[in-house]
Structure formats: structure tokens, C-alpha cells
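Notes follow the structure.
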Amino acid sequence: MIFSLHICKVSPRYPYSQTTIIPYFINNEVDKAVLRIYDINGQTKLQIPITNRGKNELILQANTMEAGIYVYSLYCNNIQVDTKIMILTQ
């Protein structure tokens, strides 16, 4: 069973234009964790494997994406466990 899995709001608070930090917490029992980022149309833009467990963070560089509204979701053992929205400006 999966417990206490979540992603936190991006920091700095959106909108952001260069770099943002996505804090998360994943239990040690999770075998596979992935952060997926989708555009507003539901197209997958990035898929980032997460190997660290416990409380940690991902640093996302804005130069890899265009300005817009994005949804980011945490998947643990192929189950979507949390979703948030972020806004990227140029």
C-alpha cells in the first residue's frame, strides 16, 4: 500500500520564468516514481524518473519548455498520486 506520497507547490510560486523547484515526498517502499509534466492540451512534455526517496526536490529549468500553463503529476508504482498546476512565463 502507498502512504504519504505528495508533491508540493513549486517554489518560487508561479508564474516563474527561469528555474523552479518542485518539492516532493516519496516513501521508501515505492519501487518506481516518475514526475510527468503535461501541457494544457494533455500532451506529455517531460517525464522525469525520480530515484531519491523521502523528502526531496526536483529543479526544473524553464529553458526546456515554452511559456504556458502546465500540469505536473507524480506517479508512484504506475499510480497517479498527486497533481498540481504551474505557469511558465518568458
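Each value in this text was obtained by applying a stated rule to the coordinates, not by laboratory testing. Nothing here was measured: the structure is a model prediction, and the numbers come from that model. In this analysis, Cβ positions are derived from the backbone assuming ideal geometry, glycine residues included, and neighbour counts consider all displayed protein chains.
Computed values, structure above
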| item | result |
| --- | --- |
| Check on Lys45, among the charged types (D, E, K, R), in a strand (DSSP E or B) and exposed (fewer than 15 other Cβ atoms within 10 Å of the Cβ) | no |
| Total residues in the range 19-42, condition in a strand (DSSP E or B) and among the polar types (S, T, N, Q) | 2 |
| Single residue of the range 48-60 satisfying the filter (more than 12 Å from the chain's Cα centre (by Cα) and exposed (fewer than 13 other Cβ atoms within 10 Å of the Cβ)) that is farthest from Phe25 (Cα to Cα) | Thr51 |
